[in-house]
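Written out below as structure tokens is the structure these notes cover.
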Amino acid sequence: MRRLRAVMAKEFFHLLRDPRSLAIVFAMPLVQIFIFGYAISFDLEEIPMAAVDFSRSEPSAALLRVFARSGEFDLKPLEGEGGLDDAERALLSGAVKQVVVIPADYAERIREGRTAEVGLLIDGSDSNIAARVFQHSEILLQRHGTRILGAEEVLRIGTRVYFNPESQSVFFFVPGLVAVILLMISALITSSSIARERELGSVELLFISPLRSAEIIVGKTLPYVLVALAVGGFILLFSHFWFGVPVRGNLLLLLLFALLYVLAGVSFGILVSTVAPTQRTAMLGSLLATLLPSILLSGFIFPLDSLSPVLRSLSLAIPATHFLRIIRGVVVKGAELRHFMTEGLFLAGLCVLLLALAAAKFTGLRRRRR
Amino acid sequence: MRLFYLVKKETLEVVRQRELLALMFIAPLIQIIILGYVITTDVRNIPVAVVDLEQGRVSRAVTERLVRSPLFRVRRVSYRDEDAEEMLRRGEVSAVIVFRDPDAPGRFAWKLPQVRVHLDGVDANSSQIAAGYFNGLIRDVLAREVKRAGAEMPLEARPLVRYNPRLRSINFMGPGIVALLLTVLSMFITSFSFVREREQQTMDTLLLSRLRPLEIYAGKALPAVVVGLVDMVLGIAVVIFWFGIPVRGNLLHLFPAALLYLAAILSYALIISTVVSNQMQALFFTWFSFILFMLLSGFFTPLESIRARAPALMILTDINPLRYLIKIIREIFLKGNGPAFFWRDLAALAGIALALTSLSLLNFKRFISR
């Protein structure tokens, strides 16, 4: 225990001697929360669009009013004569995302009760916006159509959104940010601090000391684990008071799983550092081999359900996937242990596996050095 | 000539260490392939549960459509009333759709159920897309009902999608990923440059040599330019041959933009390298900047939504070099536009590059005079 304390004290000195790194570690997520909170949204309000109206009639003007008043579109006048060529040019330059084309026989068909076709010329280059533009327009057209029929109240679809009724993206990103920061600190700092000792040669001193391997590792990493958890708590607290992100579940339970998750991160860091001989390689390695997959394949930004089956099963091997579901469940949905038994078991299993692997690699490295 | 030796030294330092070399050229390949599959804004396989208390023709038709649609994955169909919130909290479905008997028959002969959609709002983006899809689907069924009753839907949408007719997300994201590849490794390597020399106490040797400051500066940046360009070309090859993204414009137009961009981003990385006091700080700073550049570049969320929600943040996107590179690369790939369409972005990029390079040189002068 005394030996363990000595290693920990050494690492704490490293930390405190470098207050700038600590400051960065706290400031970084803060700025990101602000950007996620204020700027990042897939929504487009007032999508710029134009119209080419060949019918020039009362019914066609009524249809265009529907678009102009929807709040989803911003109906802009076309340059030039307002013909199809001008429309194509506006689309190519990106000034508008959609052009509604109303055919010449529109009014006639509406009057006779025949189906009138309305052309939608859509800029598909951003597939996400394009899909939404089409969705919005189709709903507007259908609604207008049922109104013409006089059948508006036939079907009402009630929608209720749980947990995040105002659809704020911070609710989604903040728990993810906590997961990423926890991993970043545990995996990156561990790998680089061991690689640093290797680079400077001081690792030999640790290796020939009477310290057991477990003591070296626990002593070296525990200070960073504490920092990581502090940053995580800080992010949650801040976004709770600033953005009103709810914290609905049991935080102690969350802490327990956060520890497991951080332990997995530390093991990753050790694994990387046993392979990489210098700090530069160790840091880039943990960035590319642990951080990026954990961001991309965990459902942090891109929903896992949409992935191909191969990638989806790959995502199960990433601790962040399970931790994300747990932290989102606990924080935003108020989930309890019975809601995420599977994820918890997966996380614990992965953690044990990684830890065993890291311990074996580390003692191997030590034995070779002796 | 002296410059050549410094470049050679830098190159040797990378080549000598096989792990780093592999990281620099193989990692980007793996990255772009995974990114290509993961970074998609398509929403597919949304897990849903159906609670059908009406069991009428319409509810059955809608359920059947849901089962057949690739957009949804029906996990469960239940004919008893169930607690939707509990199902959402467990997280196995993102939406619960409930059909009930209508209160009273409307003034139409068709008997239509009450529909209520319960959504998990945590992922605001996906849940809104899901709601949109579901609305479209159910209105489609409604249109069929109208036809059965002998009437015709008055309006019908005829979409025509330009530039990316099948709305493939990869066509939009792929070129953006190429821009990211150009950034990641060149920026990270450069940000380590001076701080690494300082940590290994070789900075003074470098300064005492006959190299002029400008040569030291260029010698540090040039290898990274090569790494960046090679990674970019690799990325373009993968995007074209693996993912089959069409190139409509002239790829040679990309190189001036890429060089200007590298000048800007590497100057920035060199500033980081002189400001920080150890390699870990360099990594944190660079990672953090990279995330900011990416979030504020329009890479996966539309810039227009930033303009609408947080106009103050638009300044940050205006000075973000990545924003212009991504715009240009997309114009070339998707729309086949030439410099006539994006000269403004090119000029902005040149301005930023000039500003950052001079700032960085001034900063370097100050750095070596200490």
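Only a single criterion out of (1) crowded, with 17+ Cβ neighbours inside 10 Å; (2) away from chain A (no Cβ under 11 Å) is not satisfied by residue B:292, namely (2). Taken over the range B:116-134, the criterion of being surrounded by fewer than 22 Cβ atoms within 10 Å (Cβ to Cβ) and either under 20 Å from the mean Cα position of the chain (by Cα) or assigned to a helix (DSSP H, G or I) (or both) is satisfied by B:125, B:128, B:131, B:132, B:133. Every condition in (1) under 19 Å from residue B:341 (Cβ atoms); (2) at the interface with chain B (Cβ under 9 Å from one of its Cβ atoms); (3) in contact with a helix residue (DSSP H, G or I) (Cβ under 6 Å, 6 or more places away or on another chain); (4) not in a loop (DSSP other than H, G, I, E, B) holds for residue A:142 except the one numbered (1). Filtered by the rule that a residue be more than 10 Å from chain A (Cβ to nearest Cβ) and under 20 Å from the mean Cα position of the chain (by Cα), the range B:328-351 gives B:328, B:329, B:332, B:345, B:349.
Restricting B:178, B:195, B:146 to those that are buried (at least 19 other Cβ atoms within 10 Å of the Cβ), assigned to a helix (DSSP H, G or I) and more than 37 Å from the chain's Cα centre (by Cα) reduces the list to B:146. The set of residues in the range B:308-327 that are facing another protein chain (nearest Cβ under 7 Å) and free of Cβ contacts under 8 Å to residues at least 12 places away in the same chain comprises B:308, B:309, B:310. Taking (1) surrounded by 18 or more Cβ atoms within 10 Å (Cβ to Cβ); (2) free of Cβ contacts under 8 Å to residues at least 40 places away in the same chain in turn, residue B:276 satisfies each apart from (2).
On inspection, residue B:170 qualifies as under 14 Å from residue B:39 (Cα atoms) and in contact with a helix residue (DSSP H, G or I) (Cβ under 9 Å, 6 or more places away or on another chain). Which members of the range B:316-327 meet the condition of being among the aliphatic types (A, V, I, L, M) and within 17 Å of the chain's Cα centre (by Cα)? Within the range B:316-327, B:322, B:325, B:326 qualify. In the set B:229, B:214, only one residue is over 28 Å from residue B:27 (Cα atoms), in the same structural domain as residue B:22 (by TED's automatic domain parsing) and either in contact (Cβ under 8 Å) with a residue 24 or more places away in the chain or charged (D, E, K, R) (or both); that residue is B:214. Comparison of B:273, B:305, B:297 shows that the only residue that is outside any loop (DSSP other than H, G, I, E, B), of a type in the set (Ser, Thr, Tyr), over 29 Å from residue A:200 (Cα atoms) and within 14 Å of chain A (Cβ to nearest Cβ) is B:305.
If I filter the range A:55-70 for residues that are assigned by TED's automatic domain parsing to the domain that holds residue A:122, in contact with a strand residue (DSSP E or B) (Cβ under 9 Å, 6 or more places away or on another chain) and of a type in the set (Asp, Glu), do I get at least one hit? Taking every residue of the range A:55-70 in turn, none turns out to be assigned by TED's automatic domain parsing to the domain that holds residue A:122, in contact with a strand residue (DSSP E or B) (Cβ under 9 Å, 6 or more places away or on another chain) and of a type in the set (Asp, Glu).
Only one residue in A:124, A:82, A:94 is over 30 Å from residue B:176 (Cβ atoms) and of a type in the set (Gly, Ala, Ser), so which one is that?
Working: A:124 fails: over 30 Å from residue B:176 (Cβ atoms); A:94 fails: over 30 Å from residue B:176 (Cβ atoms).
Selected residue: A:82, the only one of A:124, A:82, A:94 that is over 30 Å from residue B:176 (Cβ atoms) and of a type in the set (Gly, Ala, Ser).
Selection within the range B:112-142: residues that are more than 7 Å from chain A (Cβ to nearest Cβ) and among the aliphatic types (A, V, I, L, M). The member of this set that is farthest from residue A:174 (Cα to Cα) is B:141. Does the range A:225-248 contain at least one residue that is within 19 Å of residue A:352 (Cβ to Cβ), away from chain B (no Cβ under 13 Å), within 18 Å of the chain's Cα centre (by Cα) and in a helix (DSSP H, G or I)? No.
A residue that is hydroxyl-bearing (Ser, Thr, Tyr), surrounded by fewer than 22 Cβ atoms within 10 Å (Cβ to Cβ) and farther than 30 Å from residue B:135 by Cα can be found somewhere in the range A:208-215. Being among the aromatic types (Phe, Trp, Tyr) and assigned to a loop (DSSP other than H, G, I, E, B) holds for only one residue in A:300, A:323, A:257, and it is A:300. Taking the conditions (1) under 21 Å from the mean Cα position of the chain (by Cα); (2) buried (at least 24 other Cβ atoms within 10 Å of the Cβ) in turn, residue A:191 satisfies each one other than (1). Checked against the criterion of being assigned by TED's automatic domain parsing to the domain that holds residue A:171, β-branched (Val, Ile, Thr) and without any contact (Cβ under 8 Å) to a residue 40 or more places away in the chain, the candidates A:318, A:326, A:301, A:295 yield just one match: A:318. For the structure I just gave you, tell me whether residue B:155 is of a type in the set (A, V, I, L, M, F, W, C) and buried (at least 22 other Cβ atoms within 10 Å of the Cβ). Taking the combined requirement at face value, the residue satisfies it.
Of everything listed in (1) surrounded by 22 or more Cβ atoms within 10 Å (Cβ to Cβ); (2) at the interface with chain B (Cβ under 7 Å from one of its Cβ atoms), the single unmet condition for residue A:133 is (2). The requirement of being among the small types (Gly, Ala, Ser), in the same structural domain as residue B:341 (by TED's automatic domain parsing) and modelled with pLDDT of 90 or more is satisfied by residue B:264. Within the range B:284-303, does at least one residue satisfy the condition of being more than 19 Å from the chain's Cα centre (by Cα) and at pLDDT 85 or above? Yes: the range B:284-303 contains one or more residues that are more than 19 Å from the chain's Cα centre (by Cα) and at pLDDT 85 or above. Residue A:183 meets each of the listed conditions (1) out of contact with any Gly (no Cβ under 7 Å at 6 or more places or on another chain); (2) farther than 21 Å from residue A:363 by Cα apart from (1).
If residue B:261 satisfies all but one of (1) of a type in the set (Phe, Trp, Tyr); (2) touching a Phe, Trp or Tyr at 6+ places or on another chain (Cβ under 8 Å); (3) without any contact (Cβ under 8 Å) to a residue 40 or more places away in the chain, what's the number of the condition it fails? Among (1) of a type in the set (Phe, Trp, Tyr); (2) touching a Phe, Trp or Tyr at 6+ places or on another chain (Cβ under 8 Å); (3) without any contact (Cβ under 8 Å) to a residue 40 or more places away in the chain, the lone unmet condition for residue B:261 is (3). Restricting attention to the range A:293-309, report how many residues are in contact with a helix residue (DSSP H, G or I) (Cβ under 9 Å, 6 or more places away or on another chain) and more than 7 Å from chain B (Cβ to nearest Cβ). Counting residues in the range A:293-309 that are in contact with a helix residue (DSSP H, G or I) (Cβ under 9 Å, 6 or more places away or on another chain) and more than 7 Å from chain B (Cβ to nearest Cβ) gives 8.
The values are calculated or read from the model by the stated rules, or taken from the named source; none is laboratory data. On a predicted model such as this, the values are computed, not experimentally measured, just so you know. All Cβ positions, glycine included, derive from the backbone under ideal geometry; neighbour counts span all protein chains shown.
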